[in-house]
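My structure is below; once you've seen it, I'll send some questions.
The values are calculated or read from the model by the stated rules, or taken from the named source; none is laboratory data. This structure is a prediction, so every number in the text was calculated from the model and none was measured. Using ideal geometry, Cβ is built from the backbone for each residue, glycine included, and neighbour counts are taken over all protein chains shown. Just the protein is used for accessible areas: all its heavy atoms, side chains included, with ligands, DNA and RNA removed. Shrake-Rupley method; radii C 1.70, N 1.55, O 1.52, S 1.80 Å.
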Amino acid sequence: MSEPLLSIENLSVRLPSGADRSHALNDVSLTLSAGEILCVVGESGSGKSMLASTVMRLLPPGVTASSGRVLMGGTDLLTLSEPEMRRVRGARIGMIFQEPMTALNPLLRAGDQVGEMFAIHTDLDKAAIREKVLALFREVRLPDPEAALRAYPHELSGGQRQRVMIAMALALEPAVLIADEPTTALDVTTQARILALIEDIQKRRGMAVLFITHDFGVVAEIADRVAVMQHGLLVEEGPAEAVLNRPQAEYTKALIAAVPPLTPAERRPQGADAAPILRIENVSKTYRSGGLFATKRVTHAVKDVTLSLPQGTTLGVVGESGSGKSTLARCIIRLLDTDEGSIQLGDTDLAALSRSEMRREARRIQMVFQDPYASLNPRRRAGELVAQGPMVHGMGRAEALAKARDLFALVGLDPAAIDRFPHEFSGGQRQRIGLARALALEPEVLVADEPVSALDVSVQAQVLRLLDDLRDRLGLSMVFITHDLRVAAQICDRIAVMKDGVVVEEGITAEVFLAPKHDYTRALLAAVPGRDWSAKAAERARQPGRMATASPA
Amino acid sequence: MTGSLARYAKNPAALLGLVLLLAVIAMALLAPILFPKDPLSLAGRPLQWPDLGGRFPLGTDNSGRDIAAQIFHGAQVSLLIGLVATTISIAIGIVVGALAGFYGGWIDDALMRVTEAFQTLPNFLLLLVLVAVFGSDITTVTVAIGLVSWPATARLTRAEFLTLRNREFVQACRVLGMGDLRIIFREILPNALPPVIVYASVVMAIAILLESALAFLSLSDPNIASWGNLIGAGRNVLRVQWYVSAIPGVAILLTVLAVSLVGQGLNDALNPRLRRNPKP
């Protein structure tokens with residue numbers, strides 16, 4: 001391996017007083033050489049993004065690097081003046097951000113935004129810049145480079161916007177590329193294509209890439225070396241193959257163990273003969289936009305979907321964004337009114353009920369929401385949030401609060417915590433409160449809309465276990481909406497794959513995963529990052545003897 | 001909440017505003033004790049210049065009434081008009097804005113057209129019309145001020161509701177089977193309130209100014225000792241005995257300044273993230 005391009009030496013970054021810890025980074029040392037991809041992986045709050053911001057000198061106000069050096073070509077970036085640093089950013093270190101929609105200026109055309117890089121750092125004329133940008137757009141394989149030059153960010157898809165971002169980061173041929181969760185906001189098939197693109201460009205240009213991610217699947221896909229971070233400390237660092245397959249640090253082991261394997265969990269055979277508790281029949285939902293003067297647009301969010309949920313089982317609905325899975329969930333729960341079709345819960349057709357009738361039936365079907373931060377009213381105490389449901393349906397306050405206490409214990413929270421406000425809980429704990437709120441009405445069916453997608457992988461595993469366990473103990477039936485096939489494999493008895501509002505495949509989880517019938521299902525499965533690694537890991541898990549010899553620790 | 005209080009206490013401008021406001025409130029409370037006689041009764045020779053050691057520390061106006069007594073009693077009137085008119089205006093604004101923002105569709109369209117009708121008319125002109133039609137006793141004036149100053153509150157509340165109504169916690173309430181009114185007033189409103197409370201200080205300042213403006217045109221209630229009435233009375237002797245208008249003018253200036261500073265302080269305390277970032 002050649003001389004390191006970028007070396008971070010004993011870097012510590014101090015947080016302002018009043019933060020939850022004194023240092024965002026504590027004595028971190030890393031090197032990055034030309035032609036390698038170094039993945040920095042960790043959960044939220046590990047300091048991995050802070051590392052990227054420190055290298056770029058883009059720390060938020062009040063946060064300062066207190067010691068250490070960031071050396072690039074013999075100069076310490078931390079000692080450069082702001083004008084000197086501006087010549088480094090973009091020209092010598094490029095950066096790609098997580099959310100391509102907010103990282104691009106919505107009022108500038110894509111071509112002009114990338115062109116700005118040349119206008120600022122070089123003295124090329126307009127025509128030359130245009131040629132350069134066009135060449136870049138070809139290199140990042142935008143489908144129609146000429147049209148993309150003139151497109152505004154909102155006219156491009158998420159994947160295309162990320163390609164524009166990559167083109168911008170590559171414009172001045174920086175030696176180092178920092179990518180901060182560049183594929184987290186993207187669909188799994190788009191993610192696979194962007195990862196392939198980054199890897200391809202890195203190889204062709206011999207760049208060094210510092211790739212920040214929380215997803216071990218992505219790490220397995222592209223990393224040459226891996227650095228694992230926790231609470232601002234570097235826990236483990238080494239070649240990807242070694243860290244992924246023979247992790248040494250306990251934290252790394254726990255993180256990797258929490259990654260759900262892609263092979264379906266072995267579930268007790270059930271539900272095949274159970275009577276369906278929820279039947280969704282020919283449900284359609286269309287959105288109409290445009291009013292008096294605008295041209296009308298009709299979007300078929302859900303088209304003629306028929307599914308059934310056997311009593312006591314979990315039905316997974318998987319698909320990418322825009323597949324209509326969340327719309328379907330909201331139709332089932334009557335947050336949206338269906339246009340056609342019926343939703344039979346027992347022998348009641350929910351779709352045909354009036355608003356006030358639905359309010360009375362609400363206790364029979366409940367929902368767990370995606371965002372643990374947005375789904376709890378910040379101005380109500382946790383206990384109240386849980387007790388609200390029973391109180392709406394006529395239970396006395398004291399009794400409802402006692403019930404909330406019991407439910408807190410049931411979902412693994414401290415019953416004494418019912419007096420606290422939502423912001424005093426972590427993301428995983430908030431999701432447990434949301435679950436307790438849904439369970440407070442003792443529903444027959446629980447609809448879970450991406451309940452773990454906003455959680456860290458270790459917390460995700462706990463919440464999934466809790467959901468599975470409660471389903472068994474309380475005899476719940478569950479509709480589980482997710483975009484994550486790994487999660488679906490762990491918790492669902494049956495799986496329905498949705499694309500563009502239509503269910504393209506439906507069946508028992510193991511069958512769908514092992515012998516997918518539809519092309520789209522196969523494409524989804526193939527796009528899951530790190531699937532080869534997962535398969536090998538699963539194999540090792542089945543042969544514990546070999547695992548033991550491989551990791552002497 | 002304690003965090004907001006601490007942030008408020010650290011803001012010197014907001015503290016100054018609070019001290020000024022407390023001083024005005026103290027003046028209002030002390031008025032009946034320090035000046036037990038009717039402030040509008042004749043007290044001495046007209047147009048005596050202010051004499052801090054004498055019988056009339058702030059002088060007398062052109063009818064021979066004690067200016068100091070009118071200033072103290074006027075504080076009562078101004079604060080009362082400000083509070084009542086603001087309450088009326090905020091209440092109407094919240095209800096209109098909440099219903100429009102929560103339901104959207106034709107309800108929103110209808111309510112917003114009404115709001116715009118109010119907004120396109122200059123509110124002082126509308127106030128003049130109301131006072132001309134319904135008379136100018138103090139109750140009418142106060143209610144009229146409340147009635148002309150709600151549209152901005154309605155728009156603000158509506159904007160808050162538009163972003164809040166799609167939050168997952170609101171959907172969660174609907175899933176629990178909660179009724180609309182309960183969701184609007186018990187769940188969403190507390191979250192929408194901070195900017196409205198801050199705006200209330202602006203409304204209060206405007207209400208005090210509107211009353212003074214009416215009084216200056218001799219259209220407010222002549223039977224009460226308001227600051228505006230005093231300024232109106234001093235108008236005739238403005239060039240020589242300017243203090244008759246200037247003293248109540250300063251009182252109004254300080255009160256409005258106090259209310260605005262308190263409002264700005266509340267804004268910074270309740271929305272700490274909106275403050276400009278401190279320079280590193």
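Of everything in segment B:165-174, what is within 8 Å of chain A (Cβ to nearest Cβ) and either within 19 Å of B:ALA91 (Cβ to Cβ) or open to solvent by 10 Å² or more (accessible area, probe 1.4 Å) (or both)? Give them in sequence order.
If the condition is that a residue be within 8 Å of chain A (Cβ to nearest Cβ) and either within 19 Å of B:ALA91 (Cβ to Cβ) or open to solvent by 10 Å² or more (accessible area, probe 1.4 Å) (or both), then B:ARG167, B:GLU168, B:GLN171, B:ARG174 are the ones that fit.
For segment A:49-82, give me the residue count where each residue is over 18 Å from A:LEU32 (Cβ atoms) and among the charged types (D, E, K, R).
Qualifying residue count for the region: 1.
Right, next: Can you name the residue in segment A:60-82 that is within 14 Å of another protein chain (Cβ to nearest Cβ), in contact (Cβ under 8 Å) with a residue 40 or more places away in the chain and not in a loop (DSSP other than H, G, I, E, B) and is also surrounded by the most Cβ atoms within 10 Å (Cβ to Cβ) among such residues?
Only one residue fits best here, namely A:ALA65.
Okay, residues lined up against (1) within 23 Å of the chain's Cα centre (by Cα); (2) farther than 17 Å from A:VAL188 by Cα; (3) open to solvent by 40 Å² or more (accessible area, probe 1.4 Å):
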site	(1), (2), (3)
A:HIS483	yes, no, yes
A:GLY501	yes, yes, no
A:THR509	yes, yes, no
A:ARG522	yes, no, yes
A:ALA526	yes, no, yes
A:TRP533	yes, no, no
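Go through segment A:233-263 and report how many residues are modelled with pLDDT of 90 or more, assigned to a loop (DSSP other than H, G, I, E, B) and buried (at least 19 other Cβ atoms within 10 Å of the Cβ).
Residues flagged as modelled with pLDDT of 90 or more, assigned to a loop (DSSP other than H, G, I, E, B) and buried (at least 19 other Cβ atoms within 10 Å of the Cβ) within segment A:233-263 amount to 1.
Out of the residues in segment B:184-204 meeting the condition of being open to solvent by less than 10 Å² (accessible area, probe 1.4 Å) and either away from chain A (no Cβ under 11 Å) or without any contact (Cβ under 8 Å) to a residue 60 or more places away in the chain (or both), tell me which one is farthest from A:PRO390 (Cα to Cα). I'd like the intermediate steps shown before the answer.
Narrowing segment B:184-204 to residues open to solvent by less than 10 Å² (accessible area, probe 1.4 Å): B:184, B:187-188, B:192, B:196, B:203.
The next check asks that each one be either away from chain A (no Cβ under 11 Å) or without any contact (Cβ under 8 Å) to a residue 60 or more places away in the chain (or both); those that pass are B:184, B:187, B:196, B:203.
Working: B:ILE184: 19, B:GLU187: 16, B:VAL196: 32, B:VAL203: 40 Å.
That would be B:VAL203.
Go through segment B:149-164 and report how many residues are part of a helix (DSSP H, G or I) and surrounded by 24 or more Cβ atoms within 10 Å (Cβ to Cβ).
The number of residues fulfilling the criteria is 5.
Quick one: what pairs do we get from segment A:161-177, first residue open to solvent by less than 30 Å² (accessible area, probe 1.4 Å), second acidic (Asp, Glu) and not in a loop (DSSP other than H, G, I, E, B), C-beta under 8 Å, 6+ apart or different chains?
A:ALA167/A:GLU139; A:LEU170/A:GLU139
Which of the helices (runs of 4 or more DSSP H) found entirely inside segment A:362-460 contain at least 1 residues meeting this: more than 28 Å from the chain's Cα centre (by Cα) and of a type in the set (S, T, N, Q)?
Details: elements: A:382-392, A:397-410, A:427-439.
So the answer is A:382-392.
Now, a different point. Just checking, which of A:GLU340, A:GLU320 is among the acidic types (Asp, Glu) and open to solvent by less than 40 Å² (accessible area, probe 1.4 Å)?
On the way: A:GLU340 fails: open to solvent by less than 40 Å² (accessible area, probe 1.4 Å).
When all the criteria are applied, what remains is A:GLU320.
Looking at segment B:4-16, which of its residues are surrounded by fewer than 13 Cβ atoms within 10 Å (Cβ to Cβ), in a helix (DSSP H, G or I) and without any contact (Cβ under 8 Å) to a residue 60 or more places away in the chain? I'd like the intermediate steps shown before the answer.
From segment B:4-16, those surrounded by fewer than 13 Cβ atoms within 10 Å (Cβ to Cβ) are B:5-6, B:10, B:12; that's our starting set.
Narrowing further to those that are in a helix (DSSP H, G or I): B:5-6, B:12.
Matches in segment B:4-16: B:ALA6, B:PRO12.
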